[in-house]
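Heads up: the structure comes next, in C-alpha cells.
Coordinate-derived values only; no laboratory data. Being a predicted model, the structure only gives us computed values, none of them experimental. Quick reminder, even Gly has a Cβ in these numbers, built from the backbone with ideal geometry, and neighbours come from all protein chains shown.
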Amino acid sequence: MKTFSLLLLVVSPLSIVVNARSNIRDAPSTTVDIQDGQTGVVMVVPPRRTDTGTKRIPDADHPFIAPGPNDMRGPCPGMNTLANHGYISRNGITTFEEIIEGTGEAFNIDLTMGVGMAALNMLARGNAFVNKISIGGISPLVPPLPGQIDGPETRGIAAHGRGEGDASMTRSDVHIGDNRNFNQTLWDEDLEVLAQFGDDGPDGPATVFNLQTLIELKRQNLESDQVLDPEFAIPIRRYNLVFGTTGLATKRIISSFFMNQTFPDNWFRAAAPVLGGPVPGEILAALPEWVPGHNDENGVFVADPQAPAPFNISLTCATYWDNFANAVPATLVNVTGVFKQNVDMLEGLLFNASGCAEPVAPAGPTNV
C-alpha cells in the first residue's frame, strides 16, 4: 500500500530545488538602515540541519497552548500547528528564518523546500524590510512596507488572492464564507469521500487517505466551489500543494492537524528530510479536465492564458512566472538599502528553484 502524508503546509512552488548556497549570508549585516521609521533586518538563510532523523514531535519544550484572542492564525493547518506548539512564534508573527527552522524541526522539511516556501510568502504577504509576516491577517506587529508601497497594511498569508485561494479542503472560498477558520461541514464532506475510497488502516476500515481519495477530494472541492463561488479562480500558482511528513495519512492524524491544529498523540516526524514528491503531479494528471482558470461574468469556467515563452517550458517555470507576474507586488522593484538586499536574495532563491532560463521582475498588483 502506498502511503504518504496529507498535511498542507503553505502555498509554495510545486517543485523546490534551491541552490541555496549561492544566496546564504553567513551573518546579518551590521549596517543600520531606517526607512519610514522602520529599522531594516537583513535576512539570512539558516545552515542546513544535521539532526535530520525521525523524532517524536512535539517534545517537552513545545507543549500545545491554544492561541489567545490577539494571536494570529490563518488558513494553513500546518503553520497554525507550529505556532500552537511554539515551533514558530506563538503570536503568529514569524520571520523568514523561523519558518525554515520551524518546518525543518517539526516536519523535517528539507532546507531547500523550506527556503522556497518562506521566500515566496515573505515577498507576497510579508514585510521583507523588517523580516516579519503574519500567518493570519493584519497585525499591528507587522507594519506596512516603507512608504506604504503595497498599501496601508501588510495583510498576512490569510489575505485572499496572492497565495491563499479557492477550493480548500477545510476552508470556504473567501467570496462565499470564512476562508480562515476550519469548516466542519466541508470536513464532513471530505470524510464521506474518505469512507468511499480510503484504505483500511490501524484505526479501522477506510481510514487511510490513499491517492484515489486525494484525487476524489480535489475533484469534489473544485466542482463544488466552481458552482457555488461566482468569483471562483484557480490560477496556476494555486495548483501548488505540499505533501509529506508522516508515513501514514490516517483520519486520526489528519483530523488532529485540520480540526485541532495540534500534533497527534505519539506522532513522529519523517525519518528523512522531506523534499516534495510525486503525489501533487499524480493528482493533477488524474484531473485533466481542470486547468488553471476562473469563472467569467456568467459563472462559466474559462481557462487562463498560458504563461508566455520562455516560461511555458514546465509547470514549475510557469508557476514561477505566475507568482512574480501576479502575486509579488511590482513596487518591490524600486526598493533600496537593506530592503533591496532582502528582496534580491528572496527573488534569487525562487529563480534558482524555477528551472527557468531568465528571471521575472515583480509585476503584480499592489494594495490587494
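Note on region 101-150 and region 289-368: Cα centroid distance 17 Å, given to the nearest whole angstrom. Per-residue ellipticity at 222 nm computed for the chain from its helices equals -9000 deg cm²/dmol, with DSSP H segments shorter than 4 residues left out and the rest contributing -39,500 (n - 2.57). Between Gly151 and Asn367, the built amide H atoms are under 5 Å apart, and every one of these is 5 or more places off in sequence or on another chain.
How big is the C-alpha Rg of region 87-166 next to the rule-of-thumb value 2.2 N^0.38 Å, as a ratio?
This ratio for region 87-166 stands at 1.06.
Size of region 299-350 from its Cα atoms: along the principal axes, largest to smallest, the extents are 45, 27, 14 Å. In this label model, Met259 and Ile65 are separated by 2.6 nm, measuring between points 7 Å along each Cα→Cβ vector.
Backbone amide hydrogens, once placed in the peptide plane, bring Phe268 within less than 5 Å of Ile57, excluding anything fewer than 5 places away on its chain.
A straight chain from Ile176 to Thr31 at 0.36 nm per residue would run longer than the Cα-Cα distance by 47.5 nm. Result for the chain in a Gaussian network model with C-alpha springs under 10 Å: among Thr154, Thr94, Thr185, the largest mean-square fluctuation is at Thr185. Which residue fluctuates most in the GNM of the chain (Cα springs below 10 Å): Ala285, Ala158, Ala249? With Cα springs under 10 Å in the chain, the top fluctuation among Ala285, Ala158, Ala249 is at Ala285. For the chain, Cys76 have no disulfide-compatible partner, since no other Cys C-beta lies under 4.7 Å from theirs.
Pop the C-beta distance of Thr52 and Gln148 into the FRET formula with R0 = 45 Å and round what comes out to the nearest 0.05. That pair, Thr52 with Gln148, gives E of 0.60.
Shown in residue order for region 81-95 are the 3J(HN,Hα) couplings computed by the Karplus curve 6.51 cos²θ - 1.76 cosθ + 1.60 at θ = phi - 60°: 5, 4, 5, 5, 9, x, 6, 10, 3, 5, 7, x, 9, 10, 10 Hz (x for Gly and Pro).
Name the most mobile residue of Asp61, Asp150, Asp225, meaning the one with the largest mean-square fluctuation, in a Gaussian network model of the chain with Cα contacts below 10 Å. Residue with maximal mean-square fluctuation among Asp61, Asp150, Asp225: Asp61.
3J(HN,Hα) along region 125-136: 9, x, 10, 6, 7, 9, 6, 9, 8, 8, 7, x Hz, from the Karplus curve 6.51 cos²θ - 1.76 cosθ + 1.60 with θ = phi - 60°, whole Hz, x for Gly and Pro.
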